[in-house]
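The values are calculated or read from the model by the stated rules, or taken from the named source; none is laboratory data. None of the values given here were measured: they were computed from a predicted structure. Here the Cβ positions follow ideal geometry from the backbone for every residue, glycine too, while neighbour counts run over all protein chains shown. Accessible surface is based on the protein model in full, side chains and every heavy atom, while ligands, DNA and RNA are left aside. Shrake-Rupley method; radii C 1.70, N 1.55, O 1.52, S 1.80 Å.
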Amino acid sequence: MTLPHATGYHAPVMVREVMDLLRPERGGTFLDGTLGGGGHAEALLERGPEARLYGVDRDPDALAEAGERLARFGPRFTPVRANFADAVEAAGIAPGTLDGVLLDLGISSHQIDEDARGFTFRPGAPLDMRMGQASAGESSAADLLNELDEQELANLFYRYGEEKRSRKLARIVLEMRAVEPFAISDQLLSAISRTLGPRAEAADKARIFQALRIAVNGEIQALERALESFREALAPGGVFAVLAYHSLEDRLVKNAFRDWSQECVCPPGLPVCRCRGRALGRLMTRKPMNATPEEIAANPRARSAHLRGWSAA
């Protein structure tokens with residue numbers, strides 16, 4: 001299978017399904033809150049010749065790559081450097097004006113493949129993982145491993161990595177950092193092997209590294225802030241599409257979309273409805289959409305993707 005809009009920088013996931021939800025052929029104003037290499041953005045601007053797009057990313061490498069790729073669309077594309085949680089304000093978007101929003105919560109193939117960015121568990125990679133690179137005031141993965149206390153580390157591994165042996169892993173991290181501070185992937189891999197055994201699978205390693213990345217970048221907190229912001233920015237009939245790759249992220253999106261689609265969200269037992277009393281929109285996907293077997297075979301990173309859509313009333 002040939003992956004649409006894939007480049008050496010990144011292969012966007014579920015492009016056709018995302019475009020079928022967003023329907024950029026309607027025209028209007030769209031926002032890609034996680035621009036990455038610009039694959040979804042390119043597909044959107046091609047399918048919607050009257051569409052305009054704000055492309056938001058906190059990674060300057062991604063903005064440079066996407067900016068070059070999308071230059072041919074001229075003023076129809078506007079790049080914005082910001083965290084997606086701040087995208088609406090950073091782009092100067094008024095409430096009720098967007099016809100579609102896309103959030104692709106994964107990281108790009110380029111970020112994983114470039115060892116210097118520290119997103120990989122290949123040997124010798126620095127424990128960095130900052131989406132915005134070495135921005136002032138942001139802690140790296142190494143900083144968290146070296147500075148958080150045992151309980152904080154255990155909570156991180158359990159909440160974001162769903163690691164049942166989180167307390168043991170946290171204890172081993174503290175033992176190791178007392179001898180030598182964490183700096184490279186080999187040290188965390190050693191801690192994982194000591195916790196899970198020498199036959200720890202690649203999926204286990206990826207899960208724990210992903211947990212650390214989520215914590216470094218405040219991804220769950222950013223998503224919690226972003227959901228309401230993007231909903232309020234949507235025009236009637238505007239579509240909100242989200243690709244999630246982690247159960248915690250997907251659960252937040254599922255619950256938000258479900259609550260927004262209900263007429264009453266009052267606690268059970270209230271004699272009179274005291275909430276908004278109307279649905280804010282409707283679910284477009286009762287269950288998450290997944291990549292096809294053919295796409296997964298061509299791009300294994302699509303395996304964990306869950307796509308959900310919601311439309312504003």
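Pick out which of GLU219, GLU201, GLU17 has the largest mean-square fluctuation in a Gaussian network model of the chain, springs linking Cα atoms closer than 10 Å.
GLU201
Considering only protein heavy atoms and a 1.4 Å probe, what is the carbon-and-sulfur percentage of the accessible area of region 121-217?
49 percent
Have a look at THR120, THR97, THR34 and tell me which one the Gaussian network model of the chain (Cα, springs below 10 Å) gives the largest fluctuation.
The residue that fluctuates most here is THR97.
Show me, for region 189-199, the HN-Hα J-couplings you get by feeding each phi into the Karplus relation (A = 6.51, B = -1.76, C = 1.60, θ = phi - 60°), rounded to Hz, glycine and proline as x.
4, 5, 5, 5, 5, 5, 7, 9, x, x, 9
Between SER190 and SER261, what length in nm is gained on full extension when 0.36 nm per residue of separation is reduced by their alpha carbon distance?
Stretched out fully, the SER190 to SER261 stretch lengthens by 20.9 nm.
Could you tell me what percent of the accessible area of region 1-87 is made up of carbon and sulfur, with a 1.4 Å probe and every protein chain present?
Carbon plus sulfur share of accessible area: 51 percent.
Looking at the chain as a GNM with Cα springs under 10 Å, which of ASP32, ASP149, ASP99 has the largest mean-square fluctuation?
Result: ASP149 has the largest fluctuation of those listed.
Would you mind getting the accessible area per residue of region 1-56, heavy atoms of the protein chains only, 1.4 Å probe, in Å²?
Dividing the accessible area of region 1-56 by its residue count gives 35 Å².
What is the extension gain from LEU174 to ARG16, computed as 0.36 nm multiplied by their sequence separation minus the C-alpha to C-alpha distance, in nm to one decimal?
Once the chain is fully extended between LEU174 and ARG16, it gains 52.3 nm.
Can you give the FRET efficiency for GLU138 and GLU232, using 1/(1 + (r/R0)^6), R0 = 35 Å, r = Cβ-Cβ distance, to the nearest 0.05?
It comes out at approximately 0.80.
Looking at the square roots a ≥ b ≥ c of the eigenvalues of the Cα gyration tensor of region 121-217, which shape do they give, rounded for a/c under 1.5, prolate if a/b is larger than b/c, or oblate?
It is rounded, given that a/c, with a ≥ b ≥ c, falls under 1.5.
Give me D for region 167-235 in µm² s⁻¹, whole number, from Stokes-Einstein with Rh from the Kirkwood sum over alpha-carbon pairs, 20 °C and 1.002 mPa s.
For the chosen part, D equals 151 µm²/s.
Given a Förster distance of 41 Å, report the FRET efficiency between GLU162 and CYS273 from their Cβ-Cβ distance, rounded to the nearest 0.05.
That gives a FRET efficiency of 0.65.
Using only the alpha-carbon atoms of region 194-313 as identical scatterers, what base-10 log of I(q)/I(0) does the Debye formula give at q = 0.14, 0.19, 0.23 Å⁻¹?
Scattering profile of region 194-313, log10 relative to I(0): -0.75, -1.11, -1.32.
Need the C-alpha centroid separation for region 253-313 versus region 1-42, integer Å.
20 Å
Please state the equivalent ellipsoid semi-axes for the chain: what are the square roots of 5 times the Cα gyration tensor eigenvalues, largest first, in whole Å?
Taking √(5λ) for each Cα gyration eigenvalue gives 34, 25, 18 Å.
Solvent-accessible area per residue for region 121-217 at a 1.4 Å probe radius, Å²?
49 Å²
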